[in-house]
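Below is one structure, written out as structure tokens, with a few remarks after it.
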Amino acid sequence: MSDCIFCKIVAGDIPSQKIYEDDLVFAFKDINPAAPTHLLIIPKKHISSLNELADGDKELAGHILVIARKIAQDQGFAKSGYRVVNNCGKNGGQTVDHLHFHLLAERELGWPPG
Ligand code: 5GP
Ligand code: ZN
């Protein structure tokens, strides 16, 4: 999608602080962090939201969670804990229409979310 900011980040057209990249996914620091560690893990291909995730994307969806676990281990907050969040649509609080999973860590997070 030519006008999607996260597609532009994947392409390198918008700079980002990359944490991880492979054939399927890209992870980078959130520009407006809500926790000491706040990363975004996204599929490289454009999927607008969780609503557009297809039956054929099961491997990709599972891969995103495996990468979240790997990043938590590599960055040293696996034991202290973390949260993986997807905001979907208006009521979910989604503001960027490219599927992304927030990875928040290194502070005690409240529940339920606001
Ligand atoms: P959402 O509200 O859609 O779940 O999350 C979108 C996230 O993307 C927000 O936390 C916001 O700070 C982050 N974000 C928006 N634009 C940019 C950008 O250009 N670069 C980076 N690194 N993060 C962004
Ligand atoms: Zn996109």
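The values are calculated or read from the model by the stated rules, or taken from the named source; none is laboratory data. Small disclaimer: the values here were computed from a predicted structure and weren't measured. All Cβ positions, even for glycine, are placed from backbone atoms using ideal geometry, and neighbour counts span all protein chains on display.
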Taking the condition out of contact with any Asp or Glu (no Cβ under 8 Å at 6 or more places or on another chain), surrounded by 14 or more Cβ atoms within 10 Å (Cβ to Cβ) and of a type in the set (Phe, Trp, Tyr), does Phe77 pass?
-> no
Positions within the stretch 91-114 being more than 9 Å from ligand 1 (Cβ to nearest atom), assigned to a loop (DSSP other than H, G, I, E, B) and surrounded by 11 or more Cβ atoms within 10 Å (Cβ to Cβ), in sequence order = Leu99, Glu106, Arg107, Leu109
Any chance the stretch 6-21 includes a residue that's within 16 Å of ligand 2 (Cβ to nearest atom), out of contact with any helix residue (DSSP H, G or I) (no Cβ under 7 Å at 6 or more places or on another chain), touching a residue at least 40 places away in the same chain (Cβ under 8 Å) and at negative phi?
-> yes
Complete set of residues in the stretch 27-47 that are away from ligand 1 (no atom under 11 Å from the Cβ) and either surrounded by 14 or more Cβ atoms within 10 Å (Cβ to Cβ) or closer than 15 Å to Val85 by Cα (or both) | Thr37, Ile41, Pro43, Lys44, Lys45, His46, Ile47
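Listed residues Leu53, Leu60; which is away from ligand 1 (no atom under 11 Å from the Cβ), under 18 Å from Glu21 (Cβ atoms) and buried (at least 17 other Cβ atoms within 10 Å of the Cβ)?
Details: Leu53 fails: under 18 Å from Glu21 (Cβ atoms).
Residue meeting the stated conditions: Leu60.
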In the stretch 80-90, how many are of a type in the set (Val, Ile, Thr) and loosely packed, with under 11 Cβ neighbours inside 10 Å?
-> 0
Please indicate, with yes or no, whether at least one residue in the stretch 80-87 is of a type outside the set (Gly, Ala, Ser) and within 16 Å of Cys7 (Cα to Cα).
-> no
Of everything in the stretch 4-26 that's part of a loop (DSSP other than H, G, I, E, B) and away from ligand 1 (no atom under 13 Å from the Cβ), which residue is farthest from Glu108 (Cα to Cα)?
-> Asp23
Near pairs, Cβ below 6 angstrom, 6+ apart or cross-chain, from the stretch 69-90 (closer than 22 Å to Pro113 by Cα and part of a helix (DSSP H, G or I)) to any residue that is at pLDDT 95 or above and small (Gly, Ala, Ser) | Ala72/Ala78
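Is there a residue being modelled with pLDDT of 95 or more and touching a Lys or Arg at 6+ places or on another chain (Cβ under 6 Å) anywhere in the stretch 94-110?
In the first step, residues of the stretch 94-110 are kept if they are modelled with pLDDT of 95 or more; the result is 94-110.
Within this subset, residues satisfying the condition of being touching a Lys or Arg at 6+ places or on another chain (Cβ under 6 Å) are 104, 109.
Within the stretch 94-110 (the criterion being modelled with pLDDT of 95 or more and touching a Lys or Arg at 6+ places or on another chain (Cβ under 6 Å)), the answer is yes, since at least one residue qualifies.
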Condition met for Ala72 (away from ligand 2 (no atom under 16 Å from the Cβ) and touching a Lys or Arg at 6+ places or on another chain (Cβ under 6 Å)) | no
Before we move on, is Ile64 within 16 Å of ligand 2 (Cβ to nearest atom), assigned to a helix (DSSP H, G or I) and within 15 Å of Phe6 (Cβ to Cβ)?
-> yes
